[in-house]
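Trainee: Have a look at this one before I ask anything.
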Amino acid sequence: MKKGAIAVIGAGKWGQALHFALSFKQDCYISSRTKKNIKNFVDLDFALDCEYLVIAIPAQEIRAWLEKNFVFQGQKILVASKGIEASSGAFLNDIYSSFVPNENIGFISGPSFAAEVIQALPCALVINSHSKEIYEEFSSFFPNFIKTYYSSDVIGAEIAGAYKNVLAIASGICEGLKLGKNAQASLISRGLVEMQRFGKHFGAKKSTFLGLSGAGDLFLTANSTMSRNFRVGLGLAENKSLEEILELLGEVAEGVKTADAIDKLSKKYEIYTPIAKEVNLILNGKNPKDSLKDLLSKG
């Protein structure tokens, strides 16, 4: 193992942004299934032999990728993906727990558009881990324009990071239907309550949803066309098919699959999540205007 070496696995926009940021203080390698013309791009075997790994693979692909490629050799891992596995309803920490001990893994969260990180614009992020040592080690790698905080509420950060993408789709629909800023603010604030209610069922801390991982990331993602999930909502409001929207997007919008996962989990555990439910119905063909009527009629 290459002691002290760090590599990002996944060279999408977020992976490339993290690679850019982590290269300020040390050499940082990057790898993906498709070779890219990026400084310090390496093959997967080289990357997996680094002591520190930042994994930025889409949430729905993680289990299959780990089963195919990963063998634990003491690596320390920072997960940069956000989502819930749609096929099983599993949270990412549950998936990783079969491959990596809790004391060797952390999950990054907080408001952070890749396009701004890659411009070295300031932001604050949370490293969530059961091990403060993991936080301290990964925190030392980040450049001065990124402020990092520690939290042990792994499940809360996971839920917040996944749920905000679904709410961003809802906010994009609201924007696309030209319902106004009053409606959008109401939707986002009620979405925060809904997210917190969902998280409480799984043991998440209330404070997580009021901080960077929850409200911070939600306010960012649900208010800008820089958000892929927000743009999905805009497309749905224009009556475009989901297939057309995703083709035009050209990137993974995690909220699409996560909406289905949240809806299934909510039904299973009888959690009241009306916004996530309507987003999932719209993604499956329901008219957004009918969803608006149904939301306004609910308590």
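Trainee: To the nearest 0.05, how large is the calculated FRET efficiency for Leu248 and Ser224 if R₀ is 22 Å and r is the Cβ-Cβ distance?
Mentor: 0.80
Trainee: Counting only DSSP beta bridges with both residues in the chain, what percent are antiparallel, rounded to the nearest 5?
Mentor: Antiparallel bridges make up about 20 percent of those DSSP assigns within the chain.
Trainee: So how strong a dipole does the chain carry about its Cα centre when Lys and Arg Cβ are +1 and Asp and Glu Cβ are -1, to the nearest 20 debye?
Mentor: Using only the charged Cβ atoms, the result is roughly 620 debye.
Trainee: In whole percent, how big is the carbon plus sulfur part of the accessible area of the stretch 88-223, probe 1.4 Å, protein atoms only?
Mentor: Looking at the stretch 88-223 in its full context, I get 53 percent from C and S.
Trainee: So what's the angle, to the nearest 10 degrees on a 0 to 90 scale, between helix 181-201 and the longest Cα principal axis of the chain?
Mentor: With rounding to tens, the tilt is 60 degrees.
Trainee: Grab the other residues whose beta carbon is less than 14 angstrom from that of Asn182, score K and R as +1, D and E as -1, and report the net. Mind dumping the intermediate values first?
Mentor: Working: positive: Lys178, Lys181, Arg190; negative: Glu175.
That sum, taken over residues with Cβ under 14 Å, equals +2.
Trainee: Could I have the simple spin-label model distance between Glu136 and Asp43, label points 7 Å from Cα toward Cβ, reported in nm to one decimal?
Mentor: Placing both labels 7 Å along Cα→Cβ, they lie 3.8 nm apart.
Trainee: In nm, what is the difference between 0.36 nm times the number of residues separating Asp294 and Lys147 and their Cα-Cα distance?
Mentor: 48.8 nm
Trainee: Which of the peptides 48-55, 30-37, 130-137, 148-155 is most tightly packed, and how do the rest follow, going by the mean number of other Cβ atoms within 10 Å of each residue?
Mentor: 48-55, 148-155, 130-137, 30-37
Trainee: Next question, about the same structure. Among Phe70, Cys28, Val126, pick out the residue whose Cα is farthest towards the positive end of the charge dipole of the stretch 1-145, where Lys and Arg carry +1 and Asp and Glu carry -1 on C-beta, about the Cα centre.
Mentor: Cys28
Trainee: Separate question: Hey, with R₀ at 35 Å, roughly what FRET efficiency would Lys35 and Phe202 work out to, going by the Cβ-Cβ distance, to 0.05?
Mentor: Here the calculated transfer efficiency is 0.35.
Trainee: Additional query: Taking amide H positions as placed 1.01 Å from N in the peptide plane, with prolines and chain starts having none, which residues 5 or more places from Lys2, or on another chain, fall under 5 Å of its amide H?
Mentor: Cys50, Glu51
Trainee: Can you give me the long-range amide H partners of Lys76? Hydrogens built in the peptide plane at 1.01 Å from N, cutoff under 5 Å, separation of 5 or more residues or another chain.
Mentor: Placed amide hydrogens put Tyr52, Leu53 under 5 Å from Lys76.
Trainee: A further question on this structure: Where the centre of each part is set by its Cα atoms, how far does the stretch 180-248 sit from the stretch 263-299, in angstrom?
Mentor: Rounded to whole Å, the Cα centres lie 14 Å apart.
Trainee: Please work out the average accessible area per residue across the stretch 228-276, using the 1.4 Å probe convention, and give it in Å².
Mentor: Normalised by residue count, the accessible surface of the stretch 228-276 is 50 Å².
Trainee: OK, next. Taking the Cα centroid of the stretch 114-162 and of the stretch 77-112, what is the distance between the two, rounded to the nearest whole Å?
Mentor: 14 Å
Trainee: Would you please state the base-10 log of I(q)/I(0) at q = 0.07 1/Å for the chain, with intensities from the Debye formula using one equal scatterer on every alpha carbon?
Mentor: -0.25
Trainee: Would you list which lysines come within 21 Å of Lys13, measuring only between C-alpha atoms, while excluding same-chain residues fewer than 8 positions from it?
Mentor: Partners found: Lys25, Lys35, Lys36, Lys39, Lys82, Lys147, Lys164, Lys257.
Trainee: Report the antiparallel proportion of the DSSP beta bridges in the stretch 53-126 as a percent, rounded to a multiple of 5.
Mentor: Working: 2 of 8 bridges.
Given both bridge residues lie in the stretch 53-126, the antiparallel proportion sits at roughly 25 percent.
Trainee: Shifting gears a bit: For the stretch 239-299, state the average projected area of the convex hull of the C-alpha atoms over all orientations, rounded to one decimal in nm².
Mentor: So the Cα hull casts an average projection of 4.4 nm².
Trainee: When you count, for each residue, the other Cβ atoms within 10 Å and take the mean per peptide, how do 251-258, 21-28, 90-97 rank with the highest first?
Mentor: The peptides rank, most packed first, as 251-258, 90-97, 21-28.
Trainee: For a protection proxy built on the mean count of beta-carbon atoms within 10 angstrom, sort 99-105, 41-47, 162-168, 238-244 highest first, please.
Mentor: On the way: 99-105: 16.9, 41-47: 15.0, 162-168: 30.3, 238-244: 12.1.
The packing order, highest mean first, is 162-168, 99-105, 41-47, 238-244.
The values are calculated or read from the model by the stated rules, or taken from the named source; none is laboratory data. Everything quoted here is computed from the prediction, not taken from an experiment. Cβ: placed from backbone, ideal geometry, glycine included. Neighbour counts: every protein chain shown. These accessible areas exclude ligands, DNA and RNA; they are computed on the full protein's heavy atoms, side chains included. Shrake-Rupley method; radii C 1.70, N 1.55, O 1.52, S 1.80 Å.
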